[in-house]
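J.: Here it is, the structure in full.
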Amino acid sequence: MNNSGYKTKQRQAILDFLIENKDSHVTVSQISDYLEEEGTHVGVTTIYRHLDKLLEQGLVRKYTVDGTTSACFQYADDEEGCKEHFHLKCEKCGKLIHLNCDHVSEMCRHILGDHGFRIDLFRTVFYGICEDCAKSQTV
């Protein structure tokens with residue numbers, strides 16, 4: 001029996017979820033929960049396999065913080081020019097902010113020119129608390 005149509009439907013469902021949440025970093029657990037809610041049971045191993053293929057195709061980005069935290073994934077929206085700027089991720093609400101800043105660009109040029117190290121903007125994320133969450137903490 002040929003399961004390739006089913007696998008294609010699984011892959012498309014995963015990609016659709018990533019596109020719907022393109023301004024967020026999502027975990028495999030969130031993808032799995034979404035698929036379950038939609039009535040599609042997909043094992044975690046299968047989700048990772050589909051994500052690996054989407055990564056190879058350049059449709060998805062993978063972010064890892066450290067060796068203990070689950071990796072996050074994001075749809076690679078070329079229109080956003082995500083290879084040309086840093087990202088800020090709020091640790092409270094999960095908001096992902098695209099950072100276009102001349103000061104940060106100058107820092108990249110300094111690091112490359114003075115230290116010979118090229119920063120991968122595609123994978124670099126600064127973690128902290130966004131302005132909205134910071135305001136709500138002081139209230």
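J.: Output ³J(HN,Hα) for region 108-113: one whole-Hz value per residue in order, computed from phi by the Karplus curve 6.51 cos²θ - 1.76 cosθ + 1.60 with θ = phi - 60°, and x for Gly and Pro.
T.: Those phi angles translate into 4, 5, 4, 4, 5, x Hz.
J.: Let me ask something else about it. Need the full-extension length gain, GLU131 to HIS98, defined as separation in residues times 0.36 nm minus the C-alpha distance. One decimal, nm.
T.: Values: separation 33, 0.36 × 33 = 11.88 nm, distance 1.39 nm.
10.5 nm is the gain from fully extending GLU131 to HIS98.
J.: What does the extension gain come out to for ILE119 and LYS62, with contour length at 0.36 nm per residue minus their alpha carbon separation?
T.: Full-extension gain reported as 18.9 nm.
J.: Could you pull out the pairs from LYS62/LYS135; LYS62/LYS89; LYS22/LYS89; LYS95/LYS135 whose alpha carbons sit more than 24 Å apart here?
T.: The pairs that break the limit, which is 24 Å between Cα atoms, are LYS62/LYS135.
None of the figures in this text is laboratory data; all of them are computed from the coordinates on show. These figures come from a predicted structure and were not determined experimentally.
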